[in-house]
Amino acid sequence: MRFPVKSASAAIAVLALGFSVTGCASVSGSEPTTPLTPVSRYSLQVEPGLDRIALAVHDQGLSDNQQAALRDLAARYGASGQGLVRIESPAGNDPAAVEQAYSARTALQAAGVPVDRIQMAAYAAPDPRAPVLVGFESLRAHVPNCSAEPRNMVGRFSNQSSGGFGCAIMANMAAQIADPRDIVAARAMTPADSGRAAVVFDNYRRGQASSTPQESLVNGQISRAVE
């Protein structure tokens, strides 16, 4: 049985196209088909930290610098602290050290730390006049070491990203985040301003303007502001 020349040529072309498509599929199948985004390979993470200060023991009590340091510690605890504020005095029952510890507790209460969030304890120290330790556990954002990430920047014939793609973005976000607790869970929403909502609905029912009055400076006088 003989085939026409044109039909045989068309069949050969179809077979060649099929083999070429199969070859491309086998090459691209070795790599992920979904391109990675900067947030898919790296993610924000937190690690435990300890914010603690050491207060030297003075017979005359807390100094001005120590009181300022305790106020700053209380502010940091209110912003990003968790758990209890722990005050540790050196073991040995030195009267000045014990008084220093209780003075620190009074200073923290005056700075806004609730009394039920303060814990008094003692620690084994080589000297009864060792410093009084005041601190709390905190969370800090983990900053990845992007310089240690693989950086194979050779030419590639695919749309796949390099090994360290997205590391710098996460490192910048981790270094700038104000409260690392936001990484773990979202903050609770504050209650709505029901008073303002009542005023808006009341004006709407009366057929009056419900929006806030516009400033007279920009009310149709934008062009005059640049003269």
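The values are calculated or read from the model by the stated rules, or taken from the named source; none is laboratory data. Everything numeric in this text was worked out from a predicted model, so none of it was measured. Quick reminder, even Gly has a Cβ in these numbers, built from the backbone with ideal geometry, and neighbours come from all protein chains shown. Each accessible area value is taken on the protein alone, full model and side chains, heavy atoms only, with ligands, DNA and RNA left out. Shrake-Rupley method; radii C 1.70, N 1.55, O 1.52, S 1.80 Å.
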Original post:
Would you pick out the residues in region 79-94 that are open to solvent by less than 70 Å² (accessible area, probe 1.4 Å) and over 25 Å from the mean Cα position of the chain (by Cα)?
Top reply: Ile87, Glu88, Ser89, Pro90, Ala91, Gly92, Asp94
Subject >> Candidate set: region 165-210, residues that are over 30 Å from Glu137 (Cα atoms) and in a loop (DSSP other than H, G, I, E, B); chosen: the one least open to solvent (accessible area, probe 1.4 Å) >> reply: Ser210
Subject >> Pair list, Cβ < 6 Å and 6+ apart or interchain, from region 181-206 residues that are without any contact (Cβ under 8 Å) to a residue 60 or more places away in the chain to residues that are surrounded by 10 or more Cβ atoms within 10 Å (Cβ to Cβ) >> reply: Val200/Ser210; Asn203/Ser210; Tyr204/Ser210
Subject >> Filter result for Ala97 (modelled with pLDDT of 95 or more, open to solvent by less than 70 Å² (accessible area, probe 1.4 Å) and either among the hydroxyl-bearing types (Ser, Thr, Tyr) or touching a strand residue (DSSP E or B) at 6+ places or on another chain (Cβ under 7 Å) (or both)) >> reply: no
Subject >> Residue count for region 44-78, restricted to those that are under 22 Å from Ala141 (Cβ atoms), loosely packed, with under 12 Cβ neighbours inside 10 Å and among the polar types (S, T, N, Q) >> reply: 0
**OP:** Quick one: which strands (runs of 3 or more DSSP E) lie wholly within region 30-124 and hold at least 1 residues that are in contact with a His (Cβ under 7 Å, 6 or more places away or on another chain), aliphatic (A, V, I, L, M) and closer than 30 Å to Ala148 by Cα?
**Re:** 46-55
